[in-house]
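The values are calculated or read from the model by the stated rules, or taken from the named source; none is laboratory data. Bear in mind that the values here come from a model prediction, so they are computed numbers and not experimental data. So basically every Cβ, Gly included, is an ideal-geometry build from the backbone, and we count neighbours across all protein chains shown.
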Amino acid sequence: MSSVIDLTNVSRWYGNVVAVNDITMSVGPGVTGLLGPNGAGKSTILHMISGFLAPSKGTLTVAGKSSWENPDIYRTLGLVPERDSVYAFLTGEQFVRATAKLQSLPEIGAATRRAIDMTDMADAAGRRISTYSKGMRQRIKVAAALVHDPEILLLDEPFNGMDPRQRIHMMDLLAKLGAEGRTILFSSHILEEVERLSGTIQVMVAGRLAASGDFRAIRRLMTSRPHVFNIRSSDDRRLAAVLVGRPYTNAVELTGKGLQVRTSDFGAFCEQIAVLTRDHGITLRELLPTDESLESVFGYLISSQGN
Amino acid sequence: MFNPTVAMLTLRATVGRRRVLLFAVPAVILIVLTLVLRASHPAAVLWPDQVLGDFGFSVLLPLTALIIGTGVLGAEIDDGSAIHLLATPVRRSAVVFTKFAVAAVLTMLFAAVPELIAGLLAPHSGKLALALFTGAVAGSVIYAAVFVMASVLTTRAIALGLLYVLIWEGLLGNLVGGARILSVAHYSLGIANAIYPDQSLNAGLSLSTSVTLGIIVTVGALILATRRLSAFAIKGEPA
């Protein structure tokens, strides 16, 4: 797969704060998800790719050219920014039409209608954008970004504010555009969005690239990481003895408040813990997974890369 | 160079908001003041020069130009909607020039035209009105370039513009002769004074100096604004 977007040792800092740290990645045709918690540097990456931020260090090319101070790049690139500000005094149709004119398209009316139809906004296109819901604003921004039929589409948190039906429609649209051979790169902090839509992902944590490649492989890496549970039961000491002999148990520790168990197989442990306690006549009073945040998952990916 | 779509968006964004009422306030004050003085002092000779020259060029023109000039592009940069305009292949020079053109025309409409109307309403001041109108038209153009540039360079363009108008032009320009070299109000007065020489207009610059400096400042401001807009960066949040 030939790459369309290439970043080589790209860093971006603001004063003494590093927002993006030495990223090297390539993005080719199809749908690629840029996954990471808030503040990971995803928007900074998208701003640099779209030519709205200069890298402090490294090289970045889009279709072989630098995007910084190069407005011609927008003939082949469409951008859907995260920020909700659009020309609210225009109707949706006027906004998309104005974008078509700014692109100097030959058939402005046809291009406008096509983009509005693609985003399922035909019914609301005659209304002022100021009356739109957040999800509708997102879709009209996507319509404007698609009006010139770009080869590359960048979307910053495109599903924010969309209801489930709109979300599914947008996912289907992006999947279709990707299947047509376009390069679609979107950012998200929600694992399920990326899982559903993209075969390839780039995972960012704290300005660094934590993982890159096929989603399924990274997902396996995520689920096979050690999980920690805090347990309280009617007999913690006996439960510890029972768990120690199980293949999915990595470590058991008796704490002042109960047991802390580390397991390498999240699924097997969750299935077996109830059966084990019942069979041994132990009453399970509390079972708490610790630190299941996305940050901890990403943190694990970074540490596993380093090993 | 001039992009009609950018002009349409700018015009609707600028005139469509309530801020347009703000544009009209100084103009209404000037015309009402002229009507009141005409009724109360119909034979006086001095007040038309003072009201139209001092108030018109020290307050009406710069303040109207400041509100409009910093708004045509600065408001879009502040609220983030500029990104939709800038994520298109339109040349940055065309964006700046079109915004400047719209700002200059609106300033003429809300400052130079009221100056002409007030001048025609004042007694015995037909030629003075024409001279002030011409000066205000030139001032609208130069101020528009300066304030559009300021809005691209800084997010505090209105505050800096007020300081420039009140301190530099209002105070230093009248006390220190050298300060007039960088005073748009004095360029405008210099042009007006060449058409209708009048001692009370206090133009410290000749016509040729005013025109030459006005052109240099206008072109320089537009070039600087274009260069700055070409390197427009979204304000990012550190990770």
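Of note:
- From the options B:THR70, B:THR10, residue that is under 14 Å from the mean Cα position of the chain (by Cα), of a type in the set (S, T, N, Q) and under 26 Å from A:ASP84 (Cβ atoms): B:THR70
- Checked against (1) in contact with a Ser or Thr (Cβ under 8 Å, 6 or more places away or on another chain); (2) surrounded by 16 or more Cβ atoms within 10 Å (Cβ to Cβ), A:ALA240 passes all but a single condition, namely (1).
- Top-ranked residue in region A:143-190 [being modelled with pLDDT under 90 and of a type in the set (S, T, N, Q); ranked as surrounded by the most Cβ atoms within 10 Å (Cβ to Cβ)]: A:SER188
- One residue from B:LEU46, B:LEU52, B:LEU85, B:LEU60 being of a type outside the set (Asp, Glu) and within 14 Å of chain A (Cβ to nearest Cβ): B:LEU85
- Criterion: within 12 Å of the chain's Cα centre (by Cα) and farther than 29 Å from B:THR5 by Cα - qualifying residue of B:ALA192, B:ALA185: B:ALA185
- The listed residue being more than 20 Å from the chain's Cα centre (by Cα) and either of a type in the set (Asp, Glu) or modelled with pLDDT of 90 or more (or both), out of B:VAL36, B:VAL113, B:VAL90: B:VAL90
- Of the strands (runs of 3 or more DSSP E) lying entirely inside region A:1-46, those containing at least 1 residues that are within 9 Å of chain B (Cβ to nearest Cβ) and under 19 Å from A:PHE186 (Cα atoms) are A:17-27.
- Positions within region A:68-83 being more than 7 Å from chain B (Cβ to nearest Cβ), farther than 25 Å from A:GLU195 by Cβ and surrounded by fewer than 24 Cβ atoms within 10 Å (Cβ to Cβ), in sequence order: A:TRP68, A:ASN70, A:ILE73, A:THR76
- Set A:ASN38, A:ASN9, A:ASN16: member being in contact with a Gly (Cβ under 6 Å, 6 or more places away or on another chain) and surrounded by fewer than 23 Cβ atoms within 10 Å (Cβ to Cβ): A:ASN9
- Out of A:ALA122, A:ALA111, sole residue that is of a type in the set (A, V, I, L, M) and surrounded by fewer than 18 Cβ atoms within 10 Å (Cβ to Cβ): A:ALA122
- Residue match in region B:94-110 (condition: assigned to a helix (DSSP H, G or I), within 26 Å of B:GLY170 (Cα to Cα), more than 14 Å from the chain's Cα centre (by Cα) and in contact (Cβ under 8 Å) with a residue 60 or more places away in the chain): no
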